[in-house]
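Trainee: Got a structure for you, questions after.
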Amino acid sequence: MANQRAVNLTHDPADDVQLQLVAAEGEALDRPEPMDVPMQDVRWLELLRDGLMFDLSGLASGDAMPFPSVDHIFDLKESPAAIGHEALQLKPGHHLVGGERSIPVVKGLVALARDLVHHFDDIEAIVWPPSSSAIGPRFFESVITAWLDGGPFPALGLTAFRETIDGAIQSIGLDYWINQELRIESPLSIDKVTATRLGVRLVNQMVLVGGIDGGERITAPDGNALVMRSSQNGKFIRVWRE
């Protein structure tokens with residue numbers, strides 16, 4: 001990845017050469033069993049981007065990572081499946097444990113994924129597990145670059161939307177960011193396309209402010225007054241016409 005100036009390869013386990021003990025007469029001594037995983041089973045790289053370490057696992061010649069579940073697709077003709085595809089896993093390094101959901105770390109993670117898309121033409125999709133979403137590489141590159149450059153949060157991809165059995169439109173994966181999901185209640189949710197567009201705008205706002213504890217009144221793009229209020233259990237942000 002020499003052409004990715006923001007990314008550095010900080011550790012390649014294949015470069016670790018174990019010492020061979022040799023007796024004074026030149027006879028090789030038996031090596032002790034290694035404490036760590038055998039070299040032939042090591043399948044990860046450590047990458048540095050903007051001062052943050054990330055681990056890339058599932059590389060050849062070892063086994064691929066388990067293929068993630070996908071319920072939503074963006075800019076793909078069909079959902080990628082384990083048949084015909086192999087999965088790599090990119091995740092924050094051990095030193096970031098506890099802060100892996102913070103905005104700076106996640107921005108570094110998706111920025112690195114975007115860099116990998118730039119570098120490897122044969123990447124077919126990027127899967128974001130919190131929303132069970134698979135995203136086409138060109139769409140992913142576009143929306144992530146826009147977000148990193150100060151644009152809107154990529155709500156279609158890093159979150160998704162589904163219709164509930166009671167007719168609401170509910171976000172999937174927003175709780176990864178703010179510990180709450182968004183619910184656009186009926187009859188506001190009857191027009192699914194309009195409700196989803198509203199959901200995209202509100203997800204962007206909620207990621208910026210970190211969710212809400214109480215309630216507030218907002219104005220929809222069509223000028224209608226809306227009420228946005230946290231549910232009693234705090235797990236949802238409910239939205240309906242005033």
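The values are calculated or read from the model by the stated rules, or taken from the named source; none is laboratory data. Since this is a predicted model, take the numbers as computed values, not measurements. Because the Cβ atoms are built from the backbone with ideal geometry, glycine has one as well, and the counts that use them run over all protein chains shown.
Trainee: Take the conditions of a type in the set (Ser, Thr, Tyr), modelled with pLDDT of 80 or more and assigned to a loop (DSSP other than H, G, I, E, B) and apply them to SER79. Does it pass?
Mentor: For SER79, the condition - of a type in the set (Ser, Thr, Tyr), modelled with pLDDT of 80 or more and assigned to a loop (DSSP other than H, G, I, E, B) - is met.
Trainee: If you don't mind, another one. Checking TRP128 against (1) in contact with a Phe, Trp or Tyr (Cβ under 6 Å, 6 or more places away or on another chain); (2) buried (at least 18 other Cβ atoms within 10 Å of the Cβ); (3) within 12 Å of LEU158 (Cα to Cα), only one condition comes out false. Which one?
Mentor: Answer for TRP128: the failing condition is (1).
Trainee: Run down ALA113, ALA125 and say which single residue is more than 24 Å from SER230 (Cα to Cα) and touching a Gly at 6+ places or on another chain (Cβ under 8 Å).
Mentor: Just a single option satisfies the conditions, and that option is ALA125.
Trainee: Go through region 99-116 and report how many residues are assigned to a loop (DSSP other than H, G, I, E, B) and either crowded, with 21+ Cβ neighbours inside 10 Å or acidic (Asp, Glu) (or both).
Mentor: Matching residues across region 99-116 total 1.
Trainee: While we're looking at this one, here's another question. For VAL110, state whether it is modelled with pLDDT of 95 or more and under 20 Å from ASP55 (Cα atoms).
Mentor: yes
Trainee: How about region 183-240: which of its residues are charged (D, E, K, R), at pLDDT 95 or above and in contact with a Ser or Thr (Cβ under 7 Å, 6 or more places away or on another chain)?
Mentor: Selection gives ARG238 alone.
Trainee: Within region 176-187, can one find any residue that is surrounded by 20 or more Cβ atoms within 10 Å (Cβ to Cβ), of a type in the set (Ser, Thr, Tyr) and over 19 Å from the mean Cα position of the chain (by Cα)?
Mentor: no
Trainee: Against the conditions (1) outside the structural domain of ASP50 (by TED's automatic domain parsing); (2) touching a Leu at 6+ places or on another chain (Cβ under 6 Å), where does GLU163 fall short? Just the number, please.
Mentor: So the condition that GLU163 fails would be (2).
Trainee: Something else now. Which residue pairs have Cβ atoms under 8 Å apart, sit 6 or more places apart or on different chains, and have a first residue in region 72-99 that is more than 20 Å from ASP115 (Cβ to Cβ) and a second that is of a type in the set (Val, Ile, Thr) and assigned to a strand (DSSP E or B)?
Mentor: From region 72-99, the pairs are HIS72/ILE172; ILE73/ILE135; LEU76/ILE135; SER79/ILE73; PRO80/VAL127.
Trainee: Based on what the data block shows, is THR145 out of contact with any Pro (no Cβ under 6 Å at 6 or more places or on another chain), within 15 Å of ILE237 (Cα to Cα), surrounded by fewer than 20 Cβ atoms within 10 Å (Cβ to Cβ) and of a type in the set (Ser, Thr, Tyr)?
Mentor: It is false that THR145 is out of contact with any Pro (no Cβ under 6 Å at 6 or more places or on another chain), within 15 Å of ILE237 (Cα to Cα), surrounded by fewer than 20 Cβ atoms within 10 Å (Cβ to Cβ) and of a type in the set (Ser, Thr, Tyr).
Trainee: Just for strands (runs of 3 or more DSSP E) wholly inside region 117-191: which have at least 1 residues that are of a type outside the set (Val, Ile, Thr) and within 18 Å of PRO68 (Cβ to Cβ)?
Mentor: In region 117-191, 126-128, 133-135, 160-163 are the strands (runs of 3 or more DSSP E) which contain 1 or more residues that are of a type outside the set (Val, Ile, Thr) and within 18 Å of PRO68 (Cβ to Cβ).
Trainee: Something else about it: Please go through region 203-242 and pick out each residue that is in a helix (DSSP H, G or I) and either under 15 Å from ALA168 (Cα atoms) or β-branched (Val, Ile, Thr) (or both).
Mentor: VAL203, VAL207, VAL209
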